[in-house]
């Protein structure tokens, strides 16, 4: 097992923790560990839910056939639209 942590809980939180532990028939410390793991997972998902993270697997997956599209994209768009942008 790892390190030990001491936490002071308000009375209402302690009663809730006791109730959860009793209903699940596990130790209070197990409930706390489960809650911390769940929070860490949720926060990990939050970070992964940024728009960039949602589409980064798509970057480079489509070929345009235009070798300099990344460096000269404005010129290609202007030419495609047929007017100055």
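Each reported figure results from applying straightforward, stated rules to the coordinates on display, with no laboratory input. Note that this is a predicted model, so its numbers are computed, not measured.
Taking the Kirkwood radius as Rh and the Cα radius of gyration as Rg, the chain has a ratio of Rg/Rh equal to 1.43. Calculated mean residue ellipticity at 222 nm for the chain: -18000 deg cm²/dmol, from DSSP H runs with n ≥ 4 weighted as -39500 (n - 2.57), summed, divided by the residue count and rounded to 500. The long axis of helix 11-24 is offset from the longest Cα principal axis of the chain by roughly 90 degrees.
On C-alpha positions alone, give me the angle between the axis of helix 28-48 and the longest principal axis of the chain, in degrees, nearest 10. Around 10 degrees separate the two axes.
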